[in-house]
1. Put a label point 7 Å from Cα along the Cβ direction on A:T126, then list its distances to the equivalent points in the other copies in nm, shortest first.
2. What whole number of Å gives the distance from the Cα centroid of the stretch A:360-382 to the Cα centroid of the stretch B:154-200?
3. Among the helices of chain B (complete DSSP H runs), which have Cα atoms covering no less than 15 Å along the helix axis and a Kyte-Doolittle mean of at least -1.0?
4. Put a point 7 Å out from Cα along the line to Cβ at B:K96; what are the distances to that point in the other copies, in nm, shortest first?
5. Going by average Cβ density within 10 Å per residue, which order do the peptides B:251-264, B:47-60, A:342-355 take, highest to lowest?
6. Could you report the buried accessible area between B and A, both sides summed, computed with a 1.4 Å probe and given in Å² to the nearest 100?
7. State the percentage of accessible surface on the stretch B:296-392 attributable to carbon and sulfur atoms; use a 1.4 Å probe and exclude ligands, DNA and RNA.
8. In 10 Å bins starting at zero, report the fraction of Cα pairs in the stretch A:4-75 per bin as a rounded %.
2 protein chains.
Amino acid sequence: MKFLNGPADDLRLRWERLQAAMRTEGAEACLVSTSVNLYYLTGRIYGGYFYLPAAGRPRFFIKRPQGLEEEGLTYIRKPEEINGLLAAEGLPLPKKLLLEADEISYTDYCRLSAAFPSCESGNASTLLRRLRMCKTPWEIEQFRISARQHAKTYAEVPACFRPGMSDLQFQAEIERRMRLNGSLGTFRAYGPMDIFMGSVLTGGNAEAPSPFDFALGGAGADLSLPIGANGTPLREGCSVMVDMAGNYTAYMTDMTRTFSVGKLPEAAYRAHELARRIEREIAQMLRPGLSTVEPYRLALRLAEEGGLAANFMGTRQQAKFVGHGIGLQINEPPVLAARPESLLEAGMLIAVEPKFVLPGIGAVGIEDSFLLTSDGAEQITFSEPSIVDLTK
Amino acid sequence: MKFLNGPADDLRLRWERLQAAMRTEGAEACLVSTSVNLYYLTGRIYGGYFYLPAAGRPRFFIKRPQGLEEEGLTYIRKPEEINGLLAAEGLPLPKKLLLEADEISYTDYCRLSAAFPSCESGNASTLLRRLRMCKTPWEIEQFRISARQHAKTYAEVPACFRPGMSDLQFQAEIERRMRLNGSLGTFRAYGPMDIFMGSVLTGGNAEAPSPFDFALGGAGADLSLPIGANGTPLREGCSVMVDMAGNYTAYMTDMTRTFSVGKLPEAAYRAHELARRIEREIAQMLRPGLSTVEPYRLALRLAEEGGLAANFMGTRQQAKFVGHGIGLQINEPPVLAARPESLLEAGMLIAVEPKFVLPGIGAVGIEDSFLLTSDGAEQITFSEPSIVDLTK
């Protein structure tokens, strides 16, 4: 069975970028074993390790599944074999080896360090997160596939509504449409973020603060899943914010749309239009070289001028960003926030999500995913941007 | 807003067990921050830390969400504040502090170690995994709730079938029923296991080997989710194994049932009856004090006698166990396998899952969850155990 997945030249591009970054860091090899980085570097998730020297071709050390074939692929039982296998090939052992320090456990890290006793170790996680920010042509194509199916599902959202439903029942119908449209279901995040398939927020639940670094909150269905829908009935005069994952490929698009049950108070439409204006102005501003602080400053200023600073990105607890990178994980760098500051680059995929929480009504606002090109930002997610009345 | 969740005496029982284990290890405190252990020790997932001294009451250091209240609860911005806060309370700083070495990242572990500069550190992960094996009364009640809803969903499985469906379409309908019956959706595992909501296997896909330490495989919908259903049509004469999560509370039950599209070859019914016999004989054997090796030996012997050793737990790749502990994660210790050997204890929840893969037909077999009591094993998951024809 074929091992590597995706066009060979695109994979090679990812390896070359990693090798160049390794050389800059003075590292001679890196060893990767987490799902996200294995997928990034081989197009597949497997039980085992990916080894890349700073120069030369990669090696694949695999525990499971059986039956894979590829040049440089060796089946192993434990990582302690790798060192000897490399030596047997006449490969020089690295003086400095990068490991996924921010992602693998302390125990695993120590075990791998001990398996390469003569090596100094360094951090592959920070380096790979930085590299993964700028997407390759094949990766961008995956986003476009996700975006297309994301749009298809969102067009079906009004058909999921029945009067008298709770937010959870409504979400279950959206999830079914997602799955039938090819959603893989998985929702990968960097760091702790226990979320299932996305978020539907209505009424007072939109004010419940989140335990995670997520744009909005919601009490969740259970204290073991403390975010999003919590069983609130979809009531006349309330907004319903749908922020369900664009997980139709391993590369997730991020898109939010606001719906209503009947007519909302005028203030909700005004706040929604302000969110749309913030998104539009940020989209016009995004370009390679722009500081990540600028879009956030703009958003804060416009929210302030609109008299909605106290409602921006929450009420009782406010998220301190207005956008973020997306990719194999929903919260990739960079973040459009006051800090840390960095500069945008071509090839980044950025979700922009200005949102307002209105007590007694719910959340309003919008989110779309943008591809940074040399010309600026290309919007890749599309769906009706105004508040759609579910009862019509 | 109330912080701790669950009956106070049940939570206290968990703290006391942990404190007793800490004293045995010569540890003076432990500091926990992963979702599963936070939920176990507080009944809630939050952004922050749980600190328990070997004697005395716990402290809760919280970053998010805002608005929680509890004796011993302090809001912090970063873990470096904890040491000083304890000292300010006049609490002695621990000489040996346990951290979740098998679960938190190397970077986080080093950061926490540095935040307690005078402390020797030890492993809270192994200790908590051992403690979590034996469930408390409240935890057992959570399993019973999950089991009840699990049964309700499985009774609706035949209604999910339409001729011409693929395994993925069938699974989407089951997922919808799960969610409407209260499934939280989340599927927590220890270590890498990228699985969405469970597994539906039919036909030749049942032979595809898994990259994870999971009972069976299946190619999955995508190489980024390489397990379970892969779009195979549900064809006449094929079995359909349904192993969807019992995630209706944070405590997951595990149950598998086999369905068929029309009539299967006689060999499939024979293999299924053998699996049922293995499950029955293991259930009769389970009792506190039994070695975890015995049930696996029994299963291997019965599979061998039935001429089905080559089909037991897979064909091209065979899982080397016949059962496992369940809890907040689907793969808790102990494992019913050749090794590591341990002894069963009252209060354990064990899933027993003898399964056979039959080329050209699919997987057959069964799985149920059992509560270990002083008297033996009490089955807690129920659904029609024979192969149910979906076309009838």
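1. 3.1
2. Here the two parts' Cα centres lie 31 Å apart.
3. Details: long enough: B:8-25 (26 Å, -1.02); B:137-155 (27 Å, -0.96); B:167-180 (20 Å, -0.89); B:266-285 (29 Å, -0.82); B:293-305 (18 Å, -0.25).
Both cut-offs are met by B:137-155, B:167-180, B:266-285, B:293-305.
4. 3.7
5. Values: B:251-264: 24.2, B:47-60: 19.1, A:342-355: 21.8.
Highest-to-lowest ranking by the protection proxy: B:251-264, A:342-355, B:47-60.
6. Values: alone 16140 and 16150 Å², together 28030 Å².
Buried area between the two chains comes out at roughly 4200 Å².
7. Numbers: 1930 of 3660 Å².
Roughly 53 percent, rounded to a whole number.
8. Here the calculated profile for the stretch A:4-75 is 20, 56, 22, 1.
The values are calculated or read from the model by the stated rules, or taken from the named source; none is laboratory data. This is a predicted model, so every value here is computed, not measured. Positions of Cβ are generated from backbone atoms using ideal geometry, with glycine treated the same way; all protein chains shown enter the neighbour counts. We work out accessible area using only protein heavy atoms, side chains counted, and drop any ligands, DNA or RNA first. Shrake-Rupley method; radii C 1.70, N 1.55, O 1.52, S 1.80 Å.
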